[in-house]
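*Asks:* The structure is given below, and queries will be raised subsequently.
Every read-out reported here was derived from the displayed coordinates using simple, explicitly stated rules and does not represent laboratory data. Computed from a predicted structure; not experimentally measured. A quick note on method: Cβ atoms are made from the backbone with ideal geometry, for glycine too, and the neighbour counts reach across all protein chains shown.
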Amino acid sequence: MMTDLMRFYHTVRYLRPQQVGYRVWYRLRRPRPDLGPASPVRTVARIWAAPASKPATMTGADHFRFLSEERTIATAVDWNNRDWPKLWLYNLHYFDDLNAAEAVNRRARHLDLIRRWIAETPPASGNGWEPYPISLRLVNWIKWTMAGNKLPAEAVQSLAVQARHLRYRLEYHLLGNHLFANAKALVFAGLFFNGPDADWWYRKGLNLLWEQVSEQILRDGGHFERSPMYHSIILEDLLDLSNIMQAHGREVPAQWVDAVNNMITWLKGMIHPDGEIVLFNDAAFGIAPAPRELFAYAYRLGFCIPDSPGSGVTYFDRTGYGRVEIGEAVAFLDLAPIGQDYLPGHAHADTLTFELSLFGQRVIVDSGTSCYGVSGERLRQRGTAAHNTVVVDGADSSEVWGGFRVARRAYPRDLAINESPGEIRVACAHDGYQRLPGRPVHAREWLLREHSLRITDRVSGRFARAEGRFHFHPDLRLDCREGATEGTAALAGGRALRFAVAGGRCRVEQTTWHPEFGLSIANNCLVVEFASPEAAVTFSW
């Protein structure tokens, strides 16, 4: 019990007072929905640019596929089916398919679905009336009208009821990307309708966005939750906001323009040669639009798209991520804190992890994210052993727990970056294990040359056991005997990756990679058991 209390204390002490206060307030206060008539709809003044597209998720009149699972919404009860994962149900209520690929071919189905949702999900009841689903659905319905579709009268009335309800349920207890989505929805509703309510929604949304863009978009362009997936979601939000402002003849705030430009530059630096994002923290493919979709959308709105970083070092000093490239190798280094102290819900215990691509192929990968919620698998995927870093005495570098909680957490220190002809050297340490009895500190150095990457790990202080873990892409199979100090893996095109260990012994574990929600793919993890306080692995190609 004392351990649980200490963990709870080290979690709550980082929260802002408003997060605690609003959590209590929302539990005590349940506003009744305002069913008054909707205000008039505003006329759109200018052309709407086609938004970023995502894969279709409506596979039939009442069939949907989210998070790699397909289900049928047979009755009204299924909108809130207690036997189904909440995240799947959330996606059902978002209505993303209205603006997905080839949505025009499903226009009749979409109209039927909107009418069905109104009939089967009464106001202020169930998952669909929580503030985050309201926010995404409001935006998706309005984007659908901007594409030339017409909402029936009952849907316009429902939009007004949803916007009024959202006004009193803004997610100040969560903050971060949730409050950002709330603010975006208020701006959309404020521009869709005309009248006093709409003016209030619009002003409130703009004021919230002024605060949140300033706080959430760091000066290097990265989103402060340190997840490339959520970065992409917020970038899409700002592009949508710019789009609807232009369509209504409003000036796009300079703050948004600057943020979009910086976020595009950051995202360009955090994608692999295959064009997809790095999987640091909570990240997976298929939730946010793919980077190429976001870049194309930004271009349609008049933004300039820079080239990807070239050879050398790109260091994002505010988010704490590094990109190093020489020849056919590009590595992405996590030199960052786990996220914003008061908002670590999407953080993993992954300090000093990295990902590596060779010859355009992902080779060493972080394990990704396949699930949310409270489960052993969720905890395992957030734990240090699921990442390409060092586990000391079986502990996680940051105390992840619950579905989205972190107690004591690792902070990076002693960063040094040196670039010279033919090589790049990056060193960093973290203090996450200092809570253990021997107060160990993990320090790591990456040395990248044209045909090799050497990773040297040192653990100071007292400890019983340390092991470095390196997760390989499922397309690669490792050839390494247990207890050996060297091995190989076959790359595409008949190339070979060789690795040699100093200061430790190798073994290979079977584990899983999760590039999408609901998806687990078998892969191999190279485990290096330290024989001394320092161990090094050299990968060569």
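*Asks:* Percent of Cα-Cα pairs more than 19 Å apart in the range 374-474, please.
*Replies:* 50
*Asks:* Would you kindly calculate the mean projected area, averaged across all directions, of the convex hull enclosing the Cα atoms of the chain, in square nanometres?
*Replies:* The number I arrive at for the chain is 25.1 nm².
*Asks:* Amide H neighbours of residue 484 under 5 Å, counting only residues 5+ apart in sequence or on other chains, H built in-plane at 1.01 Å?
*Replies:* Long-range HN contacts for residue 484: 506.
*Asks:* Here is a further query. Using 0.36 nm per residue, how much length does the chain from residue 112 to residue 5 gain when fully extended, once their Cα-Cα distance is taken away?
*Replies:* In short, 33.5 nm is gained.
*Asks:* Hey, what do the phi angles of the range 382-394 turn into as Karplus ³J(HN,Hα) couplings, whole Hz, using 6.51/-1.76/1.60 and θ = phi - 60°, x for Gly and Pro?
*Replies:* 7, x, 4, 5, 8, 10, 8, 8, 10, 9, 10, 6, x
*Asks:* Then there is this: Alpha carbon centre of the range 23-38 versus the range 314-357: separation in Å?
*Replies:* After rounding, the separation between the Cα centres reads 40 Å.
*Asks:* Another question, then. Given a cut-off of 22 Å, name the pairs among 54/184; 143/268; 204/268; 54/143; 143/204 whose C-alpha atoms lie farther apart than that in the structure shown.
*Replies:* Correct reply: 143/268; 204/268.
*Asks:* Now for a separate question. Residue by residue through the range 473-487, which ³J(HN,Hα) values in whole Hz follow from phi under the Karplus form 6.51 cos²θ - 1.76 cosθ + 1.60 (θ = phi - 60°), with glycine and proline marked x?
*Replies:* Using θ = phi - 60°, the values come out as 4, x, 6, 9, 10, 8, 10, 7, 6, 5, x, 6, 10, 7, x Hz.
*Asks:* While we're here: If you stretched the chain out fully between residue 427 and residue 70, how much longer would it get, using 0.36 nm times the residue separation minus the C-alpha to C-alpha distance?
*Replies:* Full extension of this stretch gives 124.0 nm more.
*Asks:* Rounded if a/c is under 1.5, else prolate if a/b is larger than b/c, else oblate: which is the range 32-216, with a ≥ b ≥ c the root eigenvalues of its Cα gyration tensor?
*Replies:* Rounded.
*Asks:* Also: For the range 241-313, state the average projected area of the convex hull of the C-alpha atoms over all orientations, rounded to one decimal in nm².
*Replies:* In nm², the orientation-averaged hull projection of the range 241-313 is 5.9.
*Asks:* In sequence order, what are the phi-derived ³J(HN,Hα) couplings for the range 140-156 according to the Karplus relation 6.51 cos²θ - 1.76 cosθ + 1.60 with θ = phi - 60°, rounded to whole Hz, with x for glycine and proline?
*Replies:* For the range 140-156, the Karplus curve yields 5, 5, 5, 4, 4, 5, 5, 7, x, 8, 10, 7, x, 4, 5, 6, 4 Hz.
*Asks:* Just need the relative contact order of the chain here, percent rounded to a whole number, with Cα pairs under 8 Å and 6+ apart.
*Replies:* Contact order relative to length: 11 percent.
*Asks:* Over the range 400-458, what per residue volume does the convex hull of the Cα atoms give, in whole Å³?
*Replies:* Once divided by residue count, the hull of the range 400-458 is 105 Å³.
*Asks:* Okay, moving on. Rounded to the nearest 0.05, what FRET efficiency do residue 251 and residue 24 have when you use their Cβ-Cβ distance and R0 = 35 Å?
*Replies:* About 0.35, to the nearest 0.05.
*Asks:* Also: With viscosity set to 0.890 mPa s at 25 °C, what whole-number translational diffusion coefficient in µm²/s follows for the range 114-214 from Stokes-Einstein and a Kirkwood radius over Cα pairs?
*Replies:* After rounding, the answer is 180 µm²/s.
*Asks:* Here's something else I'd like to know. Given the DSSP H assignment, sum -39500 (n - 2.57) over each helix run of at least 4 residues in the chain and divide by its residue total; what's the result at 222 nm in deg cm²/dmol, nearest 500?
*Replies:* Result for the chain, helices only: -10000 deg cm²/dmol.
*Asks:* What shape does the range 312-540 take by its C-alpha gyration tensor, where a ≥ b ≥ c are the square roots of the eigenvalues and a/c under 1.5 counts as rounded, a/b above b/c as prolate, and the rest as oblate?
*Replies:* It is rounded, given that a/c, with a ≥ b ≥ c, falls under 1.5.
*Asks:* Sort the range 77-126 into rounded, prolate or oblate with this rule: let a ≥ b ≥ c be the square roots of the eigenvalues of the Cα gyration tensor; rounded if a/c is under 1.5, and if a/c is not under 1.5, prolate when a/b is larger than b/c, oblate otherwise.
*Replies:* Because a/c hits 1.5 or more and a/b fails to exceed b/c, the range 77-126 counts as oblate.
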